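Student: One structure follows; several queries about it will come next.
What follows draws every value from the coordinates through simple rules; no lab data is involved. Predicted, not measured: the structure shown is a model, and the values here were computed from it. Here the Cβ positions follow ideal geometry from the backbone for every residue, glycine too, while neighbour counts run over all protein chains shown.
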Amino acid sequence: MKHILSILFIVAAMTSFGQTEKPSKFKEVTYDVSAVCKMCKDRIEKELNYTKGVVFCEVDLAAGNVTVKYKLKQITGEKIRDILVNMGYTTDGVERSEEGYNSLPQCCKGEGCGKK
Amino acid sequence: MKYILLMLWVLLTFQLSAQQAHEDEIIIRGKVFTVSDEGVEEPVPSAKIYWKNNRQKVTSKVDGTFSIAATRLPDTLIISSVGFEDQSYAIASPQEESLNINLKEGEMLKGVEVFAEDLGHSIDLMNPMNLETIGEGELRRAACCNLSESFETNASVDVNITDAVTGAKKIQMLGLDGIYTQLQYENIPLVRGLSTSYGLAFTPGTWIQSIQITKGTGSVVNGYESMAGLINLELKKPSSKELLYVNAYGNRFGRAELNIHGAQQINDRWSTMTFLHAGNVFVDNDVNNDGFRDIPVGLNLMGMHRWIFEGENMESRFGFKGTWADKYSGQLGTNYSPDESGFGARFQTQHLEAFAKAGFFSKNRKFASLGLVNQWKYHNMTNGIGSTTYNGTQRKWYSNAIYSDIIGNTNHTYKTGLSFIYDDYVEAYNDSTFLKTEIVPGAFFEYTYNSLDKFILVAGIRGDLHNMFGPLWAPRLHVKWNATPKSAIRISTGKGIRVPNPFADYVGNMASSRLWVVSPNITPEECISSGITFTQKFLTNENVSTFSIDYFYTYFLNQMIMDMDVSPNELHIYNSNAESYSHSFQAELTIKPFKGLEFRNAFKYYDVRAEFNGMLQNRPFVPRFRFLTSLGYETRNKKWMFDITGNWVGKKRLPSTASNPLEYQRELESEDYWILHSQLTYNFKRFSIYLGGENLLNVMQSDAIIAADDPFGSFFDATQIWAPINGFNIYGGIHFTIKQKEK
């Protein structure tokens, strides 16, 4: 058992060590985004998770923000913000694109979801 | 195994504490309060406290206090609560003193929006019944194939193969056969009567949106039949926005399936949805080399078309559903033709049903509503198993009308109504024909007392007048109490009644030379089922984890016993008032150590006994112990999903074969074994592919069929099945979805 524990200790130490060494290649940024509903969340996550350079993207509706981890070599934080703006969301104070906003479903415009 | 689990546990806790130690360097403490009109300081519980540039988020406690860790400073702390204006504090350095945060009531209440996450698997804390939900996320974890396979990662429902010829799967709840579980889809009976044995295979998994499982007796509104449990399916709705959905599946046994669904939103009120399913097993499989097909070959077609109308004061759903199946099994090379010498088997099913539901809401009385459910069903099956034939036709009309309203205020509500069942059976077993017509009008009343959702009591009673068995009474009681906001205690007790159909309930057992001795006087089965459940939720790194523990005791007042212990050549079916009970204990822990990972462990203990051959003994084929462990992982970008589930099944009692010749004798107890399933899914933007394996340890019951070399002899028995008979399976498939243009 002692051996197992020491192996585990090394594994755990290595993983947490590994985490601290990485940030040179990756960056994690949180944007304040005017996303309002589950549909927005799905749209944004689908769009950004399939954008080249993005490691992951998570929308937190309650906090009204989007967390994106990306590869510094492949994309910039400004580009990600522009994608969100072009989708029709005001991001970190940058006004949403009207064109993108107009193509959003009613629900994401905040005009009510569902039929009634 | 113990060591592996321990290691995993240690690893997890170690990682957790390591992470915490790293992040807990700076802690900001504070108290959220508001000053009321009278000038009194009142704490604000459940306010959200989070960092502007950090994912960390906490909520204030009942006394308004909170503590939040900071990873990097400076940052801005934001405090928000519904009905109050948001407050933000710039924090540049670690604070010694506790923050006092005075929230001002917002001039305009922010709209309360509920953000529901598809938790995949969840146990509700609000419902008075212990409702366990398997959501779409969970259903995707095991891609195969129909309803009976949807319970693979679930601990409450066990799935067993009935015999080595039909390959039919049956569920088990509380250690009791699936016939004691009431199955319905959107509150319409799903399998009942003749379809009891194969019915599970007639609902493709892709049609299902979610499954709700209730242990013990359910609500009286749904009928008198839930004894061990109630399972309700919600099928996909047009509002799921799937304009077109295609799923194709194939496995190593030559089983191929195709599912196509389409939804159409016609206008604001009308929408429609169509489901099509085709499945075929193309290849003969005989992995265990006993000369018998392990899985029936042949075609399965299913379809459903339904309409949904949503008006201002009325809602309606109606449509029809059909199944056509023609399958062959038995010895390799046979095709159930009259002149062949081998042991052939053929199962044909035709099923057609129409259903209509309507709900009406009163304009004047806000809480009053009337619901109507109607179902018309035709079910025909033709079974040939060796020299045994069993055919049956069922015509059914089911109707249920439910009126609900409040008494004075919303603390007191009631549901009452009338139901009617007309069930006409024509069955032929070998040369004997059986006719039966059940006409059952019924009435029910259910009162609900709800005190702020914290304490809910549901008391119901129903009375049905059966044309053959006279009045049947079923009282039921459910109580739920939230001792703390994150825990719930539930107690339920009630009576369940069921009118058995000896041949249809045990079709699978026809795959043997046993002589069927069926009592001519079959009477309704009755039981009292009581249970207590405790559920506790807790947060692990912002993720909801659940611990639940339950104990159910079911006592039969009258039971139809299927007795294989009298003799290995005979099968007796008769009613018995002798002692018959089930003790079921289950403990389940679902932990989400971090986002995307779910780790579930469940332990079950069954003590299920009845009198067989005049002696109180363990029910055969029910393990005393079971253990389930399941690990699901989803990457944060939601592209990869990985799942592995292990099921340990303990020893089961087997009916005695001591009087058989030595080579046809079997042990009195089965071996314990592990079943391991795993699946990997990759999501592309518009479609996803999956690859999985079942029974990866390749567990196989050896010599599963007794006297497989002499199928027409008197010792042949393919019903003594306690483990898989066809070894491991590898499957793959694809989901493809075109979403409707969102409005």
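Student: Please work out whether the protein assembly as shown counts as rounded, prolate or oblate from its C-alpha gyration tensor, where a ≥ b ≥ c are the square roots of the eigenvalues and a/c under 1.5 means rounded, while otherwise a/b larger than b/c means prolate and anything else oblate? Working shown, then result.
Tutor: On the way: a/c = 1.81, a/b = 1.57, b/c = 1.16.
Prolate.
Student: A further question on this structure: Taking 35 Å as R0, compute the FRET efficiency from the Cβ-Cβ separation of B:F361 and B:S530 and round it to 0.05.
Tutor: Details: r = 36 Å, r/R0 = 1.02.
E(calc), rounded to 0.05, equals 0.50.
Student: Now a separate question. Distance between the C-alpha centers of the stretch B:372-410 and the stretch B:334-371? Whole Å please.
Tutor: Result: 7 Å between the Cα centres.
Student: Would you please classify the overall shape of the stretch B:234-739 from the alpha carbon gyration tensor, given that a ≥ b ≥ c denote the square roots of the eigenvalues, rounded means a/c under 1.5, and beyond that prolate means a/b larger than b/c while oblate covers the rest?
Tutor: Working: a/c = 1.37, a/b = 1.23, b/c = 1.11.
Taking the square roots of the gyration eigenvalues as a ≥ b ≥ c, the stretch B:234-739 is rounded.
Student: Summing Lys, Arg as +1 and Asp, Glu as -1, what charge do residues with Cβ under 14 Å from the Cβ of B:L235 carry, B:L235 excluded?
Tutor: Numbers: positive: B:K236, B:K237, B:R306, B:R317, B:K321, B:K357; negative: B:E136, B:E186, B:E234, B:E242, B:E353.
Neighbour charge sum, excluding B:L235 itself: +1.
Student: Could I ask something else about it? Neighbouring Cβ atoms within 10 Å as the yardstick, rank B:W270, B:W473, B:W722 fewest first.
Tutor: The order, fewest Cβ neighbours first, is B:W473, B:W270, B:W722.
Student: Something else now. Can you give me the Cα centroid spacing of the stretch B:528-557 and the stretch B:140-192 in angstrom?
Tutor: 21
Student: May I ask for the net charge around B:V440, where only other residues with Cβ less than 10 Å from the Cβ of B:V440 are counted and Lys, Arg are +1 while Asp, Glu are -1?
Tutor: On the way: positive: none; negative: B:D423, B:E438, B:D464.
Value of the local net charge: -3.
Student: Which of B:T535, B:T217, A:T30, B:T206 has the fewest other C-beta atoms within 10 Å, and how do the rest follow up to the most? If you can, show how the numbers build up before the last one.
Tutor: Numbers: B:T535 22, B:T217 33, A:T30 18, B:T206 25.
Listed from fewest to most nearby Cβ atoms, that is A:T30, B:T535, B:T206, B:T217.
Student: Within a 10 angstrom radius of each residue's Cβ in B:447-459, how many Cβ atoms of other chains show up on average? Whole number is fine. Intermediate results must be reported in sequence, preceding the final value.
Tutor: Details: counts 0, 0, 0, 0, 0, 0, 0, 0, 0, 0, 0, 0, 0.
For this peptide, the per-residue mean of nearby foreign Cβ atoms is 0.
Student: For Cα pairs less than 8 Å apart in space and 6+ apart in sequence, what is the mean separation divided by the residue count of the stretch B:234-739, i.e. the relative contact order in percent?
Tutor: Working: 1405 pairs, mean separation 48.4, N = 506.
Across the stretch B:234-739, relative contact order equals 10 percent.
Student: With the contact rule set at Cα under 8 Å and sequence spacing of 6 or more, what percent relative contact order holds for the stretch B:219-276? It would help to have the intermediate numbers written out before the result.
Tutor: Working: 65 pairs, mean separation 15.4, N = 58.
Relative contact order for the stretch B:219-276 comes out at 27 percent.
Student: Mark the label point 7 Å from the Cα of B:W270 along Cα→Cβ and return the residues of the stretch B:334-373 whose backbone N is within less than 19 Å of it.
Tutor: Counting backbone N atoms under 19 Å from the label point, the list is B:355-359.
Student: OK, next. How large is the helix-only mean residue ellipticity at 222 nm for chain B, computed as the sum of -39500 (n - 2.57) over DSSP H runs with n ≥ 4, divided by its residue count, in deg cm²/dmol to the nearest 500?
Tutor: On the way: 3 runs with 32 residues, N = 743.
Result for chain B, helices only: -1500 deg cm²/dmol.
Student: Can you sort B:F503, B:F715 so the residue with the fewest Cβ neighbours within 10 Å comes first? Don't jump to the answer; show the numbers that get you there.
Tutor: Details: B:F503 24, B:F715 20.
By the 10 Å Cβ count, ascending: B:F715, B:F503.
Student: Considering only DSSP beta bridges where both residues belong to the protein assembly as shown, give the percentage that are antiparallel (nearest 5). If you can, show how the numbers build up before the last one.
Tutor: Details: 335 of 349 bridges.
Roughly 95 percent of the beta bridges in the protein assembly as shown run antiparallel, per DSSP.
Student: Need one word for the stretch B:188-318: rounded, prolate or oblate. Basis is the Cα gyration tensor (sqrt eigenvalues a ≥ b ≥ c); a/c below 1.5 gives rounded, then a/b vs b/c decides.
Tutor: Values: a/c = 3.00, a/b = 1.38, b/c = 2.17.
The shape class here is oblate.
Student: Against the longest alpha carbon principal axis of chain B, how many degrees, from 0 to 90 and to the nearest 10, is the axis of helix B:2-23 turned?
Tutor: 20
Student: Would you tally the net charge around B:D710, using a Cβ to Cβ cut-off of less than 13 Å, leaving B:D710 out, and scoring K and R as +1, D and E as -1? Intermediate results must be reported in sequence, preceding the final value.
Tutor: Working: positive: none; negative: B:D290, B:E663, B:D709, B:D717.
That works out to -4.
Student: Distance between the C-alpha centers of the stretch A:86-100 and the stretch B:195-263? Whole Å please.
Tutor: Their Cα centres are 41 Å away from one another.
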